[in-house]
Amino acid sequence: MSLFDNKAFGSLLVETGRLSQSKLDRAISHLESSSQQLPEILLSLGFLSEEDVLTTKATLLNLSLYQPEDDDIFLAIDLGQEFHRQHLFCLIQRIDILIILFADMGNHETLSAAEICSQNSYPEFRPIIQLTLPANLEKLCDEHYDLKLTDHKEDELFLEESDIDRLKDMASEAPVIKYVNNLIDTAVSRRASDIHIEPFESGQVIRFRIDGILYEHETPLRSMQAAIVSRIKLLATLDIAERRVPQDGKISMRLSGKEIDLRVSTLPTIHGEGVVIRILEKENVILDLSRLGMPSAIEESFQSIIKQPNGIVLVTGPTGSGKTTTLYCALNQINNGSNKIITVEDPVEYQLHGINQIQVQTEVGLTFAKGLRAIVRQDPDVIMIGEIRDLETAEIAVQSSLTGHLVFSTLHTNDALSAVIRLIDIGVERFLISSALRGILAQRLVRRICPNCRISRGMASEYLDQLPAGRDFPLQQGEGCPDCSQTGYSGRVGIYELLSISPQIASLISRRADLEELTQAAFQSGFHTLFNDGVSKVEQGLTSMTEVLRITREAATHV
């Protein structure tokens with residue numbers, strides 16, 4: 001039986017402005033099918049922080065929050081350690097007051113145990129109840145009662161067999177299973193692309209990447225943290241005993257009727273294993289070039305380039321800029337059943353119908369270069385290489401393009417023009433680049449203004465030093481609302497620049513022209529930068545000038 005009043009707790013949250021009514025209604029709808037109380041459901045959905053929950057509970061119960069003082073004395077508790085581990089509280093003497101410290105007032109057994117201990121052992125003090133965060137209470141109990149809530153063996157790089165069995169048992173317990181399921185469900189509902197579980201000296205930090213920005217999620221109880229990582233590793237069929245080397249795995253699951261693929265990557269750090277989970281929603285992927293948001297002129301030119309019979313087409317940008325999605329759209333566009341398309345990727349993010357896809361497996365020697373050599377013996381018409389990372393892969397790609405294949409790939413460069421210099425730096429001969437290269441598309445993703453809280457504010461002339469002379473238009477921005485988690489943004493849209501390799505550009509490349517000469521020639525042929533496209537997206541009301549400047553600081557210098 002619980003002492004907690006879910007209805008009063010929810011009403012107080014709405015009254016104090018910590019929660020919208022729509023989010024409260026959504027959380028309440030989970031109550032019937034869950035054994036959790038409303039605060040735990042709100043935490044798992046990411047609607048509240050632990051501090052919000054604690055402050056609201058204290059207000060509701062007319063209690064104060066614990067603030068440590070130098071003269072606090074932690075008094076002995078006459079309980080078995082195992083029972084105390086399961087029912088955490090502290091007894092603290094402060095002059096003539098006995099502070100009974102809890103993290104949760106909803107457990108009858110814990111309340112009864114604390115009451116009996118305080119009355120029997122310390123009747124001379126006046127008792128008051130105070131609250132603190134679960135992580136703080138665990139730390140205090142570890143320091144003053146030696147409960148060993150944080151098992152330091154789990155910080156070792158390699159686990160003994162008994163530890164492995166114990167972690168497997170913990171990872172299979174209902175609270176851990178429920179926490180991991182809720183974590184993934186919350187991330188999907190908040191449109192997160194990645195879940196980051198990061199170990200630090202003070203404990204785990206969990207963050208969601210939403211629209212390219214990391215937002216902190218609530219911290220799990222320290223006693224659960226090792227089991228959470230183990231649970232994820234078990235789901236991804238990784239070796240939970242091995243903590244010395246990085247591991248990669250995948251999970252397929254169904255959430256709320258949606259097919260979800262999760263790519264799991266673990267990394268050993270000095271404080272434990274870090275985990276990143278990439279979320280891929282199969283049903284949300286629409287591989288259509290016309291839906292990417294390219295300007296019409298760029299889309300028309302890119303469509304023309306990808307329909308050429310041979311040559312190399314590159315897409316550039318940093319990690320997470322949507323390069324692979326653009327390549328998938330391009331392959332989907334030319335996949336007409338009359339040509340053979342083979343890809344070599346790391347990892348294969350989406351499975352494409354009618355296309356042969358190869359997963360790089362470096363542990364058995366299947367690298368990009370080795371996979372590419374095998375591909376050209378399979379009589380393909382079109383080849384896609386996940387990334388050109390070294391000279392060997394670049395040379396095979398060039399030779400393939402010069403022998404009648406159309407080759408798609410990616411490069412990590414800041415803009416389209418820098419890709420040419422990058423290939424030269426890798427070691428590819430200039431005459432081969434000028435002969436093989438057909439076009440380079442550079443891209444970034446900027447956050448869309450939330451359509452539900454969009455307002456007009458200011459004029460573009462505020463940014464006179466960044467804009468071409470005489471260009472002015474109204475600016476829009478998101479005020480922040482419950483639908484966009486008060487960020488003012490919801491979703492993302494691409495901004496693009498396309499360098500078509502004209503005979504003039506090809507001649508400059510082969511004649512050892514530097515980046516400045518290539519840039520001048522590109523602008524003379526009508527080249528538009530990422531920043532230009534970003535400003536156009538601002539003018540259309542799709543994004544904000546602040547967002548474009550944040551994403552394209554370097555590109556802005558080319559205007």
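The values are calculated or read from the model by the stated rules, or taken from the named source; none is laboratory data. What you see is a predicted model, and the numbers here were worked out from it, not measured in a lab. FYI the Cβ positions are ideal-geometry reconstructions off the backbone, even for glycines, and counts take in every protein chain you see. Quick note on the areas: whole protein, heavy atoms, side chains included, nothing else; ligands and nucleic acids left out. Shrake-Rupley method; radii C 1.70, N 1.55, O 1.52, S 1.80 Å.
In the chain, the DSSP-assigned H stretches of four residues or longer account for a calculated mean residue ellipticity at 222 nm of -11000 deg cm²/dmol, using -39500 (n - 2.57) per stretch and the full residue count as denominator.
Rolling a 1.4 Å probe over the heavy atoms of the protein chains gives the chain an accessible area of 48 Å² per residue. Counting only cysteine Cβ atoms and a cutoff under 4.7 Å, the chain contains unmatched residues Cys90, Cys117, Cys141, Cys329.
Equivalent-ellipsoid semi-axes for segment 477-548 (Cα gyration tensor, √(5λ), whole Å, largest first): 38, 10, 9. If you look at the Cα atoms of the chain, you get an Rg and a Dmax of 28.8, 94 Å.
What a 1.4 Å probe finds exposed on segment 361-455 is 45% carbon and sulfur by accessible area, rounded to a whole percent.
When a 1.4 Å probe is rolled over the protein heavy atoms, the share of accessible surface on segment 479-532 that falls to carbon and sulfur comes to 43 percent. Dipole magnitude for the chain: computed about the Cα centre from +1 point charges on Lys and Arg Cβ and -1 point charges on Asp and Glu Cβ, it is near 2420 debye.
By the rule of a C-alpha distance below 13 Å, with chain neighbours fewer than 8 residues away ignored, the aspartates and glutamates paired with Lys57 are Asp5, Glu40, Asp104. For segment 373-480, the mean projected area of the C-alpha convex hull, equal to one quarter of the hull surface, is 10.9 nm². Scaled against the 2.2 N^0.38 Å expected of a compact globular protein of N residues, the Cα radius of gyration of segment 233-295 reads 1.49. Among the listed pairs Lys250/Lys323; Lys178/Lys233; Lys307/Lys537; Lys340/Lys370, those whose Cα-Cα separation exceeds 23 Å are Lys307/Lys537.
Whole-Hz Karplus ³J(HN,Hα) for segment 323-336, in order, using 6.51 cos²θ - 1.76 cosθ + 1.60 and θ = phi - 60°, x for Gly and Pro? Once rounded to whole Hz, the list reads 4, 5, 4, 4, 5, 4, 4, 5, 5, 4, 5, 9, 7, 9. Rolling a 1.4 angstrom probe over segment 178-315 with all protein chains present gives an accessible area of which 50% lies on carbon and sulfur atoms.
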